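These notes concern the structure reproduced below.
Derivation of every value follows stated rules applied to the coordinates shown; laboratory data play no part. Please read all numbers here as calculations on a predicted model, not as lab measurements. Quick reminder, even Gly has a Cβ in these numbers, built from the backbone with ideal geometry, and neighbours come from all protein chains shown.
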Amino acid sequence: MLDLTPDEWTAIVLSLRIALVATAVGLPFGVAVAWLLARKDFWGKSLFDGVIHLPLVLPPVVTGYLLLISFGRRGPIGAFLADYLGIVLSFRWTGAALACGIMGFPLLVRPIRLAIEAIDQKLEQAAATLGANRLRVFATVTLPLALPGLIAGCVLCFAKALGEFGATITFVSNIPGETQTISAAIYTFTQIPGGDAGAGRLVLVAIALALVALVISEWLARRAGMRFHGE
Amino acid sequence: MLSVDVEKSLGEFTLSARFATANGVTAVFGPSGSGKTTLVNMIAGLVTPDRGRIAIADMVLFDSKARINLPTHQRRIGYVFQEGRLFPHLSVASNLDYGRRMSGLPADAAETKRIVELLDIAHLLDRRPGKLSGGERQRVAVGRALLMRPRLLLLDEPLAALDAARKREILPYLERLRDEVPMVYVSHHAGELRRIATSVVRIDAGRVVAVGGSELLEELDADAV
């Protein structure tokens with residue numbers, strides 16, 4: 001059916017890996033930020049909220065450029081990571097995961113925050129009277145009740161990471177086998193004569209992946225909902 | 001057994017209460033808005049008094065002078081809320097077991113069975129709280145609080161959300177608990193308290209107006225006084 005070339009397969013696998021890592025690494029931070037925004041009032045909260053949402057409204061190229069000058073080999077954070085921890089992000093797939101994670105972060109945080117805000121805090125009080133300390137209240141009441149929000153946030157972040165283009169290509173370029181994702185590969189195909197067939201195949205793959213992600217998230221959300229209302 | 005001497009200002013409203021209770025069932029009786037729930041929330045540690053002292057026997061839960069304020073989860077005080085507050089994501093059995101697990105008590109199948117039978121909830125164990133009737137929900141809430149082996153059981157209008165038939169259905173179960181654990185039972189409904197209370201603390205507009213036996217319940221419902 002779809003006769004994908006090895007290079008196209010590489011781009012697909014790389015895209016999935018980048019999106020998965022971006023979502024998985026982002027999730028604990030996303031839960032922490034969502035909880036802070038939902039439950040705590042602190043000085044500079046509006047600014048903090050704004051910074052978290054910035055990647056959503058900034059041109060992706062701007063986010064990518066900011067990543068390049070801070071996480072690049074000569075950037076302050078990039079130089080520190082390279083010199084002391086041996087971690088290089090620029091022009092590597094890990095850098096692509098960082099760019100995708102940051103672009104997807106606001107989409108990850110928002111549903112989790114809404115889910116935490118919707119939880120009846122009286123249930124957490126009840127848990128405390130039953131002997132649960134704050135951490136255990138969070139783990140046994142808050143987190144399970146916010147599960148539908150966690151699923152929604154992960155799917156949105158994963159989908160965003162899968163399709164991210166501007167920030168990624170600006171930060172880590174478009175290197176086949178290292179940083180060339182599905183989006184970047186499609187873009188490359190459109191720049192060369194006779195690339196229509198390759199672009200078409202990858203477009204179909206992108207559509208299929210998006211649909212599968214949506215179906216899985218629907219299924220997970222329904223299962224999570226059933227746990228509250230069913231037997 | 002329980003001694004309370006607290007003050008708390010909430011905006012215009014000031015609660016100032018001082019009383020001591022013996023074992024048995026202490027009814028906290030008064031009209032809506034008189035500060036009953038705030039009072040039990042202070043005993044549970046969900047609301048912090050401005051000043052005063054709360055102790056169960058010689059165990060101090062709160063003392064503003066000595067700067068003691070035991071957190072809620074260390075107080076071992078069972079609390080049955082008006083709305084049950086069962087955990088919707090857990091089965092009835094897991095709800096019942098929650099307090100024991102969080103308090104780090106060993107599993108005790110015989111005790112669980114005894115409480116489950118006492119409250120007649122064995123047929124509900126596999127269900128989710130969303131599928132229970134109001135009366136069943138409150139019985140499970142009582143069981144959940146009892147199974148953490150509380151030093152004291154607080155019941156805040158546990159029957160208020162139920163209709164008259166359901167109230168009559170639950171009261172006998174609550175009467176059975178009288179010998180299980182000391183209780184503080186909050187209500188504005190004298191009829192309900194008359195059947196169960198061994199002593200009465202009457203409060204009105206944030207003050208204790210009378211402390212005594214069940215003769216304080218001879219009048220009408222507090223809301224009608």
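Could you tell me the relative contact order of the stretch B:2-224? Use alpha-carbon pairs under 8 Å, at least six residues apart, and round to a whole percent.
Values: 419 pairs, mean separation 66.7, N = 223.
Contact order relative to length: 30 percent.
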Can you tell me the 0 to 90 degree angle between the C-alpha axis of helix B:109-119 and the longest principal axis of chain B, rounded to 10? 70
Check: C-alpha center the stretch A:28-88 vs C-alpha center the stretch A:153-219, spacing in Å is 23
Cut-off 10 angstrom, C-alpha nodes, Gaussian network model of chain A. Which of A:Arg17, A:Arg92, A:Arg39 fluctuates the most? A:Arg39
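What order, most packed first, do the peptides B:120-126, B:103-109, B:87-93, A:120-126 have when packing is the mean number of other Cβ atoms within 10 Å of each residue?
On the way: B:120-126: 14.9, B:103-109: 10.4, B:87-93: 19.9, A:120-126: 17.9.
For the peptides B:120-126, B:103-109, B:87-93, A:120-126, the packing ranking is B:87-93, A:120-126, B:120-126, B:103-109.
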Using a cut-off of 19 Å between alpha-carbon atoms, which aspartates and glutamates can reach B:Lys65, once sequence neighbours fewer than 8 places away in the same chain are excluded? B:Asp5, B:Glu7, B:Asp50
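Under unit Cβ charges (Lys, Arg +1; Asp, Glu -1), what dipole magnitude, rounded to 20 debye, does the protein assembly as shown have relative to its Cα centre? Walk me through the numbers before you get to the answer.
Working: 48 positive and 42 negative charges, 148 e Å.
The calculation lands at about 720 debye.
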Relative packing of B:54-67, B:15-28, which averages over residues the other C-beta atoms within 10 Å, highest first: B:15-28, B:54-67
Does anyone have the angle between helix A:6-39 and the longest principal axis of chain A? Alpha-carbon axes, 0 to 90°, nearest 10? 30
Compute the angle between helix B:164-176 and the longest alpha-carbon principal axis of chain B, please, reported from 0 to 90 degrees and rounded to the nearest 10. 90
Amide H of B:Leu2: which non-local residues (sequence gap of 5 or more, or other chain) have their own amide H closer than 5 Å, using H built in the peptide plane? B:Thr21, B:Ala57
Within 10 Å of each Cβ in A:144-152, how many Cβ atoms from other chains are there, averaged over the peptide? 1
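Charges at C-beta only: +1 for Lys and Arg, -1 for Asp and Glu. How large is the resulting dipole of chain A about its Cα centre, in Debye rounded to 20?
Dipole about the Cα centre, nearest 20: 660 debye.
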If you take every residue apart from A:Val88 with its C-beta less than 13 Å away from the C-beta of A:Val88, what net charge results, scoring Lys and Arg +1 and Asp and Glu -1? +1
Considering the dipole of the stretch A:10-145 built from charges on the beta carbon (Lys and Arg +1, Asp and Glu -1) around the Cα centre, which of A:Thr10, A:Pro111, A:Leu145 is farthest to its positive end? A:Thr10
Are any of the pairs A:Lys122/B:Lys113; B:Lys36/B:Lys167; B:Lys36/B:Lys113; A:Lys40/B:Lys36 more than 31 Å apart by Cα-Cα distance, and if so, which? B:Lys36/B:Lys113
Inside 10 Å of the C-beta atoms of B:129-142, what's the mean count of C-beta atoms belonging to other chains? 1
Starting with the highest mean, order A:139-146, A:204-211 by the number of other Cβ atoms within 10 Å, averaged over the residues of each peptide. A:139-146, A:204-211
Any idea which of A:Ala206, A:Gln191, A:Phe29 is furthest toward the positive side of the dipole for chain A, if Lys and Arg beta-carbons carry +1 and Asp and Glu beta-carbons -1? A:Phe29
If you build a Gaussian network model of chain B, linking Cα atoms that sit under 10 Å apart, which residue out of B:Leu154, B:Leu132, B:Leu146 swings the most? B:Leu132
Between the stretch A:106-137 and the stretch B:86-143, how many Å separate their Cα centres? 21
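To the nearest 20 debye, what charge dipole does the stretch B:2-224 have about its Cα centre, counting +1 at the Cβ of each Lys and Arg and -1 at the Cβ of each Asp and Glu? If you can, show how the numbers build up before the last one.
Numbers: 31 positive and 28 negative charges, 150 e Å.
Using only the charged Cβ atoms, the result is roughly 720 debye.
Could you work out, residue by residue across A:118-128, how many beta carbons of other chains sit within 10 Å of that residue's beta carbon, and then give the average as an integer?
On the way: counts 0, 0, 3, 0, 5, 6, 1, 8, 15, 7, 10.
Mean partner-chain Cβ count within 10 Å for A:118-128: 5.
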